Structures are given as C-alpha cells and as structure tokens.
1. In the range 237-262, how many are assigned to a loop (DSSP other than H, G, I, E, B) and either touching a Pro at 6+ places or on another chain (Cβ under 7 Å) or of a type in the set (Lys, Arg) (or both)?
2. So which residues in the range 78-108 are in contact with an Asp or Glu (Cβ under 6 Å, 6 or more places away or on another chain) and in contact (Cβ under 8 Å) with a residue 40 or more places away in the chain?
3. Working only within the range 189-230, note down all residues that are among the aromatic types (Phe, Trp, Tyr), surrounded by fewer than 22 Cβ atoms within 10 Å (Cβ to Cβ) and outside any loop (DSSP other than H, G, I, E, B).
4. Exactly one condition in (1) in contact (Cβ under 8 Å) with a residue 24 or more places away in the chain; (2) more than 26 Å from GLU134 (Cβ to Cβ) is false for GLY232; which is it?
5. Which ones in the range 102-136 are within 13 Å of the chain's Cα centre (by Cα) and within 20 Å of SER66 (Cβ to Cβ)?
6. Counting only residues that are within 24 Å of CYS158 (Cβ to Cβ) and over 34 Å from the mean Cα position of the chain (by Cα), how many does the range 212-262 have?
7. Answer yes or no: is there a residue in the range 109-121 that is free of Cβ contacts under 8 Å to residues at least 24 places away in the same chain and closer than 21 Å to LEU196 by Cα.
Amino acid sequence: MLHQPLIYTIGACLLGLLTVAPTMAQVSVDAPVTLSGLPGQRAIEGIAPPTHATSAITVEGSVLSSYMWATGAQTDTIIDLGTVPAVQQYTDGLIVRFLVNAGISGPLGIRIDELPALPLRRPDGLRLASGQLEAGTVAEVLLTDGQFILMSASERGCPEGYTPVNGDYCIETNPPSTTGTWQWAVAKCASRGGSLCTWGEYAAACMMLGSQLGGMHANWEWIDDTSNHTHGADSAGRTTCMSQRTTLITVAAKARCCYHLR
C-alpha cells in the first residue's frame, strides 16, 4: 500500500492499480520515485520477498537474509543445494547457509542450482574433518577462488565415535570389523578427516584407555610407522598393547583411526 501519491502521474497510476479488486500486477518506474507524505507515512508496504535476481530487497528480507538460505541433500561426496532466487553463476563472495542433514567429512563438493560442483574446504585449505559437518547443525559457506570455504567450522572436541586420549588427539572407539590392506587403511582414515594412528599414539591409547576401546586384541591393526622393508608396513595390538610386527602391505588387518584436534 502506498502512503501519499508520489509524483502525480505515477501516484494516479498506482492508485488505479490498488483500487482494482485483488489483482496481482507489477509496475515498472523508469524515473526517480519521491515519497512526499508526512513523516512516518513515507513508505511502500506489501513488497514480497525477493524471488528473482533483480528483485528489491526489503528491510525484513535483508535482516532474515532469506536469499542466502539453501535447501537440499547430501550424498557421499556432493552437497546439492537450491536457492530462491536461483544462483545464475558463481561469483566470489557468494555466501550460502544450509541445514546439514547428515554428518559427513573428507573430500566434499557443493553444487548450487545445477551449476558445476566446486570443492569444499576448511579455512586452512584442508578437507573437512569428522565432526565439522554434523547432522542438525547450520553450515555457512563462502565462495572464493573456485572453492567453497566452510566458515562455520568449529572444534568441540572428539567427533562422534572417538574417545579422547589427551588434549592433542582422539582414537576411534569401536572400529569396524572390516579388514584390508595398508593402503586401504590409510585411505579410510583420510576420508574421515583423520589419519592412521602412529605406533606411539596407538600404544598410549591402548595402555591408558584399553578398557574403554572396543575390539582390542582381536586382530592385528594397521599403524602408520616406519618399516625396515620397502614393501612392508607395521601393525600392532594382536595380543597385548605392546604387540607389534612388520608384514607385507597387502596382508589384511583392521584399521583404527586417530583424529588430531586442531
């Protein structure tokens, strides 16, 4: 609703539109609009939220930043998002917020409104670690230099499924019973934003927290440490916390990951 006519010809035109029985219409004004009503009455009411790239943004729309809110779903590696109004092209400085549906980490990408997927990174340029995209939380990402940066990343201790060993790292509480090669173990932990435990990390956690960790001493577990043979790798924990051996990297063993707090 308009308070006070603007310039006479414009005011008359708009008044005619407003007096017609509920009809939706748009008015294009190709000249400056001057509000000449009394103080406190100079306003235009009833402007809808922006739904197009060239729409006007109301104070309410600016406060709520509804145009920054995206909806969508996450897959294993790509987060598909949709916005209103739709993003026509990627531009540095684009900020989008969305509700995380499931906890995911590792090498991820974001695709907005059918545009190409771009990588998602932390502010330090690394892949997301476990616990930085948690189900039920709101994420905020910023587009810059061909990648999205997770601005809402936070560290609140060990991610779900990990037990704190000290102030520096956590260890996986109950690793899956699945076994594989040493390369498989390294890739598995990296994809979760962690790393294969070193001998020192594994031994310390085993001796201090053995009763709190599941699956201990049920099978050899890969560790990330030096070996005396080019084709060998180390595993530990078969019968005691001090059990250790060097074997071929193609032998199957369990993998318990460590997560370093940042």
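1. The number of residues fulfilling the criteria is 3.
2. Within the range 78-108, ARG97, GLY103 qualify.
3. TRP199
4. The one condition GLY232 does not meet is (1).
5. ILE110
6. Residues in the range 212-262 being within 24 Å of CYS158 (Cβ to Cβ) and over 34 Å from the mean Cα position of the chain (by Cα): 6 in total.
7. There is no residue in the range 109-121 that is free of Cβ contacts under 8 Å to residues at least 24 places away in the same chain and closer than 21 Å to LEU196 by Cα.
Conditions (1) over 11 Å from CYS258 (Cα atoms); (2) β-branched (Val, Ile, Thr); (3) at pLDDT 90 or above; (4) assigned by TED's automatic domain parsing to the domain that holds LEU248, marked per residue:
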| residue | (1), (2), (3), (4) |
| --- | --- |
| ASP168 | no, no, no, yes |
| ILE171 | no, yes, yes, yes |
| SER177 | yes, no, no, yes |
| GLN183 | yes, no, yes, yes |
| ALA187 | yes, no, yes, yes |
| LEU196 | no, no, yes, yes |
| GLY214 | yes, no, yes, yes |
| THR226 | yes, yes, no, yes |
| ASP234 | yes, no, yes, yes |
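The values are calculated or read from the model by the stated rules, or taken from the named source; none is laboratory data. Given the structure is predicted, the values throughout are model-derived calculations rather than measurements. As a convention, Cβ positions derive from the backbone with ideal geometry for all residues, glycine included, and neighbour counts pool all protein chains shown.
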